[in-house]
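These notes concern the structure reproduced below.
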Amino acid sequence: MTTEELKRLLERVHEGITTFNYNGSEVPCITVSEKRFDEIMQKVAGHAISIDTNLNILQDGIGHVFVEITLTFSLGDIQEKILLNANNSLEFFELLAKTSMLALSSPNSSMGKDNVFMIQLPKPEKAVNALAIIKKGLKPNSCV
């Protein structure tokens, strides 16, 4: 990965990630804009849906690791792509592998109470495998 490619990836990194306690377990959460969260909820609320979750890992071999999370909803023609810098969000991926759950939320929600949309990963092994690849790609104490 060239310096220019690294710079472009860093500019695209989604900063809105957190965790919250859900039934006694810390769950990774991606915060999207209030408007986008409302758009998604208007299309899927009250419907039985599935969400295909893909983790595309981008690394340069010298310790920079990015993960593009793609969420494809079975209804509403919704696809969300979120790029995370794994160097700064390893705990997020550790929790994803541990819980097999992911939450979407809006910035003004009370975490774990309202405006939280929970996603059960359809293939939990994807998160476990991704975590192993991420850890292998990271240099010790690497930060960007």
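The values are calculated or read from the model by the stated rules, or taken from the named source; none is laboratory data. Keep in mind it's a predicted model, so treat the numbers as computed, not measured. Here the Cβ is made from the backbone with ideal geometry for all residues, glycine too, and neighbour counts use every protein chain on show.
Odds and ends about this structure:
- Of the criteria (1) loosely packed, with under 14 Cβ neighbours inside 10 Å; (2) aliphatic (A, V, I, L, M); (3) in contact with a His (Cβ under 7 Å, 6 or more places away or on another chain), which one Leu83 fails: (1)
- Enumeration of residues in segment 33-54 that are of a type in the set (A, V, I, L, M) and either more than 23 Å from Pro124 (Cβ to Cβ) or touching a Gly at 6+ places or on another chain (Cβ under 6 Å) (or both): Met41, Val44, Ala45
- Considering only residues in segment 2-35 that are over 21 Å from Asn88 (Cβ atoms) and free of Cβ contacts under 8 Å to residues at least 60 places away in the same chain, the one that is surrounded by the fewest Cβ atoms within 10 Å (Cβ to Cβ) turns out to be Gly24.
- Against the criterion of being within 14 Å of Val13 (Cα to Cα) and modelled with pLDDT under 95, Ser89 qualifies.
- Residue among Lys43, Lys81 that is at pLDDT 95 or above, over 16 Å from Val128 (Cα atoms) and not aliphatic (A, V, I, L, M): Lys81
- Test result for Glu68, in contact with a strand residue (DSSP E or B) (Cβ under 9 Å, 6 or more places away or on another chain) and loosely packed, with under 14 Cβ neighbours inside 10 Å: no
- When Glu80 is tested against the conditions (1) touching a Leu at 6+ places or on another chain (Cβ under 8 Å); (2) farther than 14 Å from Phe117 by Cβ; (3) among the acidic types (Asp, Glu), the lone failure is (2).
- Qualifying residue in segment 97-120 (condition: under 30 Å from Thr3 (Cβ atoms) and out of contact with any strand residue (DSSP E or B) (no Cβ under 6 Å at 6 or more places or on another chain)): no
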